[in-house]
Amino acid sequence: PSTIVPRMIAAGADLDLIMPIDAVDPDSGMPGRLTLPRHCDDLPERAAEHKAAVLMLDPILSNLDDRLNPNQTRELRQALEPLRRAAEDAQIAVVALAHFNKTSDGDVLTKIAGGRGWVEVARAVISIAREQRDDMIEPIQVLSQSKNNLGRVDLDSLEYMIDNHEFVTHPDDHGNHEVFQSARLRCTGVSLTNTDEILSRRHGQQGDQHNNIDQVLDALDEAGRAQSPRDVADATGISRNTVKQILNRLAAAKRVDRVGTGLYQARTL
């Protein structure tokens, strides 16, 4: 689609290495969409033919066979398990986009719209949530590793902003170029929260989270020396587990200093 090409240019993609997948409807013989699981058997051969490395499905829900109910895990797995086998045979990665539902119950993996088969079959899940903070005009995006069967899951969450940006294409053979408006991601560092917490909050809880962070920072400033999570919890009235999580994230974001096992102090300049 024409809207995708400018985004690829904005991301610095080499368009010569990107190929849309053309599928044919076997019933009508007309051009159609890649359909799961119907076209899974063809993927290894096509991937080898084009020396493909990654298959992008955005959103993957639109690639499911219309006869399958994505809200039923058993039916969903009928599409996803053949896709995983085909990807393993082809030795390619499959990156698929799915959206969250509106519920505030459960963890991130339960909030993905449709059946739980999405996360049961996937090897890794990266989640992204938007947070509007009181001290910021624009919302910030938080990215977390929610599942990883291939490596560590205790990685820090990251934050980024989405900035408007004007891009100019490379000139064509006649020296003409195109100017278009798109967006650029600007990483702002380690996040003090994660997507699970953001998506699970009910109205009013966001302010509580940032108020807790401010209280922890104030307690360290007032103490003037290294404090344990228990010390900070006693000074603030916040639960020790919550304090420990906040201190760990503040240390990862380099907003406080970790000066020993289980000891933290206000950051010195």
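The values are calculated or read from the model by the stated rules, or taken from the named source; none is laboratory data. Everything numeric here is computed off the predicted structure, so don't read it as measured data. No Cβ is skipped: glycine too gets one built from the backbone with ideal geometry, and neighbour counts run over all protein chains shown. Surface areas here come from the heavy atoms of the whole protein model, side chains and all, with no ligands, DNA or RNA. Shrake-Rupley method; radii C 1.70, N 1.55, O 1.52, S 1.80 Å.
Just a few scattered comments:
- All positions within segment 236-269 that are of a type in the set (Lys, Arg) and in contact with a helix residue (DSSP H, G or I) (Cβ under 9 Å, 6 or more places away or on another chain): Arg240, Lys244, Arg249, Arg255, Arg258, Arg267
- Condition met for Arg152 (touching a helix residue (DSSP H, G or I) at 6+ places or on another chain (Cβ under 9 Å), at pLDDT below 85 and among the charged types (D, E, K, R)): no
- Subset tally (residues that are among the aliphatic types (A, V, I, L, M) and either buried (at least 19 other Cβ atoms within 10 Å of the Cβ) or under 18 Å from Ala252 (Cβ atoms) (or both)) for segment 129-163: 7
- Output for segment 243-269, where each listed residue is in a helix (DSSP H, G or I) and either more than 17 Å from Asp231 (Cβ to Cβ) or of a type in the set (Ser, Thr, Tyr) (or both): Arg249, Ala252
- Residue ID - farthest from Val142 (Cα to Cα), chosen from residues in segment 241-269 that are open to solvent by 90 Å² or more (accessible area, probe 1.4 Å) and modelled with pLDDT of 85 or more: Arg258
- Of all residues in segment 198-212, those being modelled with pLDDT of 75 or more, surrounded by 17 or more Cβ atoms within 10 Å (Cβ to Cβ) and closer than 24 Å to Arg258 by Cα number 1.
- Residue in segment 137-149 that is modelled with pLDDT of 85 or more, over 28 Å from Arg267 (Cα atoms) and small (Gly, Ala, Ser) present: yes
- Scanning segment 136-156 for residues that are touching a residue at least 40 places away in the same chain (Cβ under 8 Å) and either more than 22 Å from Leu247 (Cα to Cα) or not in a strand (DSSP E or B) (or both) turns up just one, Asp156.
- Selection count where residues are under 24 Å from Ile128 (Cα atoms), open to solvent by less than 50 Å² (accessible area, probe 1.4 Å) and part of a loop (DSSP other than H, G, I, E, B), scope segment 57-105: 5
- Scope segment 1-21; condition assigned to a loop (DSSP other than H, G, I, E, B), open to solvent by 90 Å² or more (accessible area, probe 1.4 Å) and at pLDDT 75 or above; matching residues: Met19, Pro20
- Hits in segment 107-117 (condition: in contact with a helix residue (DSSP H, G or I) (Cβ under 7 Å, 6 or more places away or on another chain) and either outside any loop (DSSP other than H, G, I, E, B) or of a type in the set (A, V, I, L, M, F, W, C) (or both)): Val108, Leu109, Ile112, Gly117
- The condition of being in contact with a helix residue (DSSP H, G or I) (Cβ under 9 Å, 6 or more places away or on another chain), at pLDDT 85 or above and assigned to a helix (DSSP H, G or I) holds for Leu220.
- When segment 182-197 is filtered for residues that are of a type in the set (Gly, Ala, Ser) and either surrounded by fewer than 17 Cβ atoms within 10 Å (Cβ to Cβ) or more than 18 Å from Val256 (Cβ to Cβ) (or both), the ones remaining, listed by number, are Ser182, Ala183, Gly189.
- Scanning segment 23-48 for residues that are modelled with pLDDT under 75, open to solvent by 60 Å² or more (accessible area, probe 1.4 Å) and either assigned to a loop (DSSP other than H, G, I, E, B) or closer than 30 Å to His177 by Cβ (or both) returns Pro26, Asp27, Ser28, Met30.
- Checklist (1) within 22 Å of Gly32 (Cα to Cα); (2) among the hydrophobic types (A, V, I, L, M, F, W, C); (3) buried (at least 18 other Cβ atoms within 10 Å of the Cβ) applied to Val108, failing item: (1)
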